[in-house]
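**Q** Attaching a single structure in structure tokens format; questions to follow.
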Amino acid sequence: MDSRTGKKIRMGRLFDPVSNRSLILAYSHGVLMGASKGMRTLADMRHGLDAMRRANGLMIAPGMVKYLEDQFIGKDRPSLVIHMDWQSYSRGIIPYEEGSVIELATVEDLLRAGADALMTYLYIGHRDPEKEKLEIERNARLARHCDQLGLPLIIEPRSAREKYEPDDKSDVAVMSLYCRMSAEIGADLVKCIYPGDASKMQQIIEECPAPVMVAGGAKKDNLDDALKMAKDCIDAGAAGLMFGRNIYQSDDPETTLDAFINIVHQQ
């Protein structure tokens, strides 16, 4: 027996055996942004997770596991993905031009909680190159630790300059670089924001050795736009989606989730 078996088993739980793709509901925004539509109260979250149980995985913050654990118990329940990091780069209230990031738990903590995967951030392009070095060091250490313990690692790479260099969010060279770095460090899955163009997305996916999951980003005004983006990503070769607000903040989250499931698994 070795940890590779554990990692394969956990990865297998995250992915549909027929389509070999995954839809993970990102539901950890509270630790980054505070209370918001779809997760204002604990009752909202419990109701929301129950309505969205058809997702392959559900991602929550470490401190919410004890409140929401019942949503993950049972054979027909989604995999538990734990959002390991806190960051202050993207916060709207009391914002920073450049933020910081820190782990909220240890890999052992997440295994004890029953996690099937964890997600961290990798920020690059800081004004101070020492910060980037520390981010690389931190994620490389976590990758080795996850390898030792058999827990899949999802890395979401981002530009630290997005507040004052917004073009980084659609610059295929920047995005391909940080996705490739994530894979080379040891990510099992890479979560990437959508660059706004399907051909750019395809290039990023082709140049990243690890499977790429695409982030949904802020809720779109028109659901059809979010569905089109999802289809473009799957057609470009994405391994799946990690969408949150476009699902749980919709008028009918359960029906909306079903629409994304149909796209991801091409049902």
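**Q** Starting from the Cα of Lys200, draw a straight line to each of the aspartates and glutamates and keep only those under 12 Å, dropping any in the same chain fewer than 8 residues away.
**A** Lys200 reaches Asp171, Asp232.
**Q** Moving to a separate point now. Can you sort Thr106, Thr5 by how many other beta carbons sit within 10 Å, fewest first?
**A** Lowest count first: Thr5, Thr106.
**Q** Can you flag which of Lys7/Lys133; Lys37/Lys231; Lys66/Lys131; Lys37/Lys169; Lys8/Lys75 are past 22 Å Cα-Cα?
**A** From Lys7/Lys133; Lys37/Lys231; Lys66/Lys131; Lys37/Lys169; Lys8/Lys75, over 22 Å: Lys7/Lys133; Lys37/Lys231; Lys66/Lys131; Lys37/Lys169.
**Q** Of the residues Tyr164, Tyr89, Tyr194, which exhibits the maximal mean-square fluctuation in a Gaussian network model of the chain defined by a 10 Å Cα contact cut-off?
**A** The residue with the greatest mean-square fluctuation here is Tyr164.
**Q** What are the residues whose amide H is under 5 Å from the amide H of Lys219, where those residues sit 5 or more places off or on another chain and H is modelled from the backbone?
**A** Those lying under 5 Å, H to H, from Lys219: there are none.
**Q** DSSP loop trypsin sites (Lys or Arg not before Pro) in region 98-145 with at most 14 other Cβ atoms within 10 Å of their Cβ, which ones?
**A** Answer by residue number: Arg127.
**Q** Label Arg141 and Asp50 with points 7 Å out from Cα along Cα→Cβ: what is the distance between them in nm?
**A** The answer from the label model is 4.1 nm.
**Q** Identify unpaired cysteines across the chain, taking unpaired to mean no other cysteine Cβ lies under 4.7 Å from the residue's Cβ.
**A** Cys146, Cys192, Cys233
**Q** Gaussian network model of the chain, Cα springs within a sub-10 Å range: biggest mean-square fluctuation belongs to which of Gly57, Gly150, Gly125?
**A** Fluctuation is largest for Gly125.
**Q** How big is the Kirkwood radius of region 30-143, worked out from every pair of different alpha carbons and given in Å to one decimal?
**A** Evaluated on region 30-143, it is 15.6 Å.
**Q** Give the shape of region 3-265 as rounded, prolate or oblate, defined through the alpha-carbon gyration tensor: a ≥ b ≥ c are the square roots of its eigenvalues, a/c under 1.5 means rounded, and otherwise the shape is prolate if a/b is larger than b/c and oblate if not.
**A** Since a/c stays below 1.5, the shape of region 3-265 is classed as rounded.
**Q** Okay, moving on. Using a Gaussian network for the chain with springs between C-alpha atoms less than 10 Å apart, which of these wobbles most: Val172, Val31, Val18?
**A** In the Gaussian network model the winner is Val18.
**Q** Hey, what number do you get for the chain at 222 nm if only DSSP H runs of n ≥ 4 count, each worth -39500 (n - 2.57), divided across all residues, to the nearest 500?
**A** Value at 222 nm, helices only, nearest 500: -12000 deg cm²/dmol.
**Q** On to the next question. Quick check on the chain: of the DSSP beta bridges with both residues there, what percent are antiparallel, nearest 5%?
**A** Percentage antiparallel, nearest 5: 10.
**Q** Can you give me the relative contact order of the chain as a percent, contacts being Cα pairs under 8 Å and 6 or more apart?
**A** 19 percent
Each reported figure results from applying straightforward, stated rules to the coordinates on display, with no laboratory input. Bear in mind that the values here come from a model prediction, so they are computed numbers and not experimental data. Virtual Cβ from ideal backbone geometry, glycine too; neighbours counted across all protein chains shown.
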